[in-house]
Amino acid sequence: MKPAPFAYKKVRSLAEAVALLGEHKDARLLAGGQSLIATLNMRLSAPSLLIDINGIGGLDGIAHKGGAVEIGALVRHAKAERSDAVAKHAPLLARALPHIGHAAIRNRGTLGGSIAFADPAAELPACLLALDGEVDATGPKGKRTIKAADFFKGLFETALGPQDVLTAIRIPAAGKDTRVGFAELARRHGDYAIVGLAASARADGKGLADVRLAFFGVGATAMRAKKAEAALASGNVDAAVAALDLEPQDDVQATGAVKKHLAGVLLRRVAAQLMEPQ
Ligand SMILES: Cc1cc2nc3c(=O)[nH]c(=O)nc-3n(C[C@H](O)[C@H](O)[C@H](O)COP(=O)(O)OP(=O)(O)OC[C@H]3O[C@@H](n4cnc5c(N)ncnc54)[C@H](O)[C@@H]3O)c2cc1C
């Protein structure tokens, strides 16, 4: 299928993008196009204007500063995947990125696009939640920062306003006690996950503290399993699996019951990763 006709404008500044979003209420921002163009081609969306943000300078950097890793919205998945700073200071992202689609998709898709799109089966929103990260956005009233826990509101719905441009994400840099774990089950490598789990914790003696488990593919947004987190922190993996209070719905990939079973399988795998020195 072909998309409905649309106008196209490549902007050079955030101010220009924000102003155009104000003038054209049904306009859409175009980053890597790896999700947006598919929705246009399937006519799930028919914006009158695409605002291409790829010409805005300063949104494609990866920086380790002030105890955090900041990644610009226009950083491609492939660039982050090859980044030494991500490998060293953001190991959960380094584990998750290779699971996003295929190489061709990762060459164009952006981290900002993935977080803004907020697909419930996507890897990066779950990583952001597991890491207690945050999002920078610029809109008509200027710049603001939104915690991951407040950012993902519902199915493909975020805290971004209609004139907001996501400019960067920020996560705490890994320290010597940081433990991370990641696993997903997909029909084929590169497919969206049936169920996935991104996790972080802190080594605490022989155990774990500050355990954060963010499941994806099990609801309208990535979601934490707080009762299982508490059980895992006390060192009891069986109790953590038993405490999983997810209630996934059936979807085209699997029934809710299968997803819940798979979530338990993933939790055991990720718990083993968290308990290994890293
Ligand atoms: C075959 C295939 C398989 C895929 N598999 C996976 C997968 O396994 N896991 C996964 O996570 N993703 C997957 N993707 C999607 C891919 O990761 C996309 O790159 C990502 O979801 C969107 O990033 P993008 O830069 O391409 O955004 P675009 O497609 O350009 O935009 C997506 C949406 O976000 C908005 N947007 C983009 N950037 C911004 C911004 N800076 N501020 C505000 N709004 C913005 C756009 O307006 C649009 O609504 C797959 C895609 C394809 C085609």
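Taking the condition open to solvent by less than 30 Å² (accessible area, probe 1.4 Å) and of a type in the set (A, V, I, L, M), does Leu49 pass? When the stated conditions are applied, Leu49 passes them. For the range 17-34, check the following and say yes or no: at least one residue is of a type in the set (Asp, Glu) and open to solvent by 40 Å² or more (accessible area, probe 1.4 Å). The answer is yes; a qualifying residue exists.
Cβ-Cβ distances below 9 Å connect the following pairs, each with a first residue in the range 32-54 that is within 10 Å of the ligand (Cβ to nearest atom), a second residue that is aromatic (Phe, Trp, Tyr) and in a loop (DSSP other than H, G, I, E, B), and a separation of six or more residues or different chains: Leu40/Phe6; Pro47/Phe6; Leu50/Phe6. Per this entry, Glu184 is counted among residues that are within 12 Å of the ligand (Cβ to nearest atom), charged (D, E, K, R), at pLDDT 95 or above and in contact with a strand residue (DSSP E or B) (Cβ under 7 Å, 6 or more places away or on another chain).
Can you name every residue in the range 190-206 that is closer than 14 Å to Ala240 by Cα and of a type in the set (Gly, Ala, Ser)? Passing the criteria: only Ala199. Here the condition is being near the ligand (Cβ under 8 Å from one of its atoms) and either in contact with a helix residue (DSSP H, G or I) (Cβ under 7 Å, 6 or more places away or on another chain) or of a type in the set (D, E, K, R) (or both); of Leu160, Leu131, Leu93, it holds for Leu160 alone.
Listed by first and then second residue, the pairs with beta-carbon distance under 8 Å, at least 6 apart or on different chains, first residue in the range 113-124 and open to solvent by 10 Å² or more (accessible area, probe 1.4 Å), second polar (S, T, N, Q) and more than 6 Å from the ligand (Cβ to nearest atom), are Ala116/Thr158; Pro120/Thr221. Of the residues making up the range 187-209, those that are within 13 Å of the ligand (Cβ to nearest atom) and not basic (Lys, Arg) are His189, Gly190, Asp191, Tyr192, Ala193, Ile194, Val195, Gly196, Ala198.
For (1) over 14 Å from the mean Cα position of the chain (by Cα); (2) at pLDDT below 95; (3) in a helix (DSSP H, G or I); (4) not hydrophobic (A, V, I, L, M, F, W, C), each residue gets a yes or a no:
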{"site": "His64", "(1), (2), (3), (4)": "yes, no, no, yes"}
{"site": "Ala80", "(1), (2), (3), (4)": "no, no, yes, no"}
{"site": "Ala85", "(1), (2), (3), (4)": "yes, no, yes, no"}
{"site": "Ala96", "(1), (2), (3), (4)": "no, no, yes, no"}
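Can you find even one residue in the range 68-90 that is in contact with a helix residue (DSSP H, G or I) (Cβ under 7 Å, 6 or more places away or on another chain), of a type in the set (Lys, Arg) and open to solvent by 30 Å² or more (accessible area, probe 1.4 Å)? Yes: one or more hits.
The values are calculated or read from the model by the stated rules, or taken from the named source; none is laboratory data. Note that the structure is predicted; figures quoted are calculated from it, not measured. Here the Cβ is made from the backbone with ideal geometry for all residues, glycine too, and neighbour counts use every protein chain on show. Keep in mind that these areas ignore ligands, DNA and RNA; they rest on the heavy atoms of the full protein, side chains included. Shrake-Rupley method; radii C 1.70, N 1.55, O 1.52, S 1.80 Å.
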